[in-house]
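Each remark here refers to the structure printed beneath this line.
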Amino acid sequence: MSETTMKGIKSTTVEVRLPSRMGFEKVAMSTAASVAKLMGFREDRVEDLKTAVAEACINAIEHGNRLNENLSVGVVLSAGKDSLEVKVIDDGKGMKDQPHKPDIDKKMHGEEDPRGMGMFLIQALVDEAEWVAGSEGKSSYVRLVIRLDKEAA
Amino acid sequence: MQSETKSRVEQLTSPAGHPVSVLRFEGDIASTSKDAVLGSYQALPKATAKLILLDFTKVDYINSSGIALVIQLLIEASNSAQKVAAFGLSAHFTKVFTMVGITKYAGLFPTQAEALAGL
């Protein structure tokens, strides 16, 4: 166990396991928000983190575990001195696509699916985001990092 | 787990004297909100409902599937020559809607009064 950086918190790691059922992403979202607030993140950054974590969990539930309720989604929050890392782990083969900026004109003209914005939002709202395919097609994860000292936009 | 999306329609008049249909949402806007978002919009008479406001004042959580429903609403509105604006989004979701480009097709306003004036 690494040394604490938060007053009154003995562990720097918090883990949550979610059922692969839509809606439970809000449990991870609330947990991430609580940790970020304890670390002293500004309210706007907490909101960024909430959306990024929710979208990562939705992808894990829907695409990684394919809504199979026998599988769970792991969420590991690791608080460092100046940053919070979140890993969202599922039993899928990993995301093949790279995040791309949605083209609203193409969506409005039926040339692009109105959906498919989750990865873009994740990447746009946190400081680091990487998608890692697990070995043998299991335990894939997305790793997010949000830094405490990010200047106001 | 997701809080049910409620929606209701209210008819107002803009400062310029035009009829405005206001769709007031409450709860989460997510993949389960299709009936509340698209259903309530599609129940409006397309021939007469030309100005539409989306009220997000009582919405706390919107995910990418919910944003996709809003885009689908905007597609249908565009095809029916209807003008859409939204108000009551938090600062965070105003940023998110702006990031995905929705502001190109729907004005975002802090309050209902500003949205009515901006239509």
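Remark: the stretch B:18-119 carries a charge dipole of roughly 280 debye about the Cα centre, counting +1 on each Lys and Arg Cβ and -1 on each Asp and Glu Cβ. Using a cutoff of 8 angstrom between alpha carbon atoms and counting only pairs six or more residues apart, the relative contact order for chain B works out to 24 percent.
Distances between placed amide hydrogens fall under 5 Å for A:LEU148 paired with A:SER83, A:LEU84, all partners being 5 or more residues away or on another chain. Taking only Cα atoms, what is the 0 to 90° angle, nearest 10, from helix B:64-79's long axis to the longest principal axis of chain B? It works out to around 20 degrees. Evaluating 6.51 cos²θ - 1.76 cosθ + 1.60 at θ = phi - 60° for every residue in the stretch B:30-46, the Karplus couplings come out as 9, 4, 7, 9, 4, 5, 5, 8, 6, x, 5, 5, 5, 6, 6, x, 5 Hz, glycine and proline recorded as x.
What is the stretch B:19-62 by shape, rounded, prolate or oblate, if you read a ≥ b ≥ c off the alpha carbon gyration tensor as root eigenvalues and call it rounded for a/c under 1.5, prolate for a/b larger than b/c, and oblate otherwise? Since a/c reaches 1.5 but b/c is at least a/b, the shape of the stretch B:19-62 is classed as oblate. Structural descriptor for chain A: relative contact order 24 percent, calculated from alpha carbon pairs under 8 angstrom and at least 6 residues apart. Within 10 Å of the Cβ of each residue in A:21-28, the mean number of Cβ atoms contributed by other protein chains is 4.
Evaluating 6.51 cos²θ - 1.76 cosθ + 1.60 at θ = phi - 60° for every residue in the stretch A:75-84, the Karplus couplings come out as 10, 10, 9, 10, 8, x, 5, 10, 7, 10 Hz, glycine and proline recorded as x.
Ranked by how many other Cβ atoms sit within 10 Å of their own Cβ, fewest first, the residues B:VAL84, A:VAL16 fall in the order A:VAL16, B:VAL84. The residues A:LYS107, B:LYS50, A:LYS81, when put in order of fewest to most other Cβ atoms within 10 Å, stand as A:LYS81, B:LYS50, A:LYS107. Here the Karplus curve 6.51 cos²θ - 1.76 cosθ + 1.60, taken at θ = phi - 60°, turns the phi angles of the stretch A:114-130 into couplings of x, 8, x, 10, x, 5, 4, 4, 4, 5, 6, 9, 10, 7, 9, 8, 9 Hz, with x standing for Gly and Pro.
Rule-based calculations on the coordinates, nothing more; no lab input. Everything numeric here is computed off the predicted structure, so don't read it as measured data. All Cβ positions, glycine included, derive from the backbone under ideal geometry; neighbour counts span all protein chains shown.
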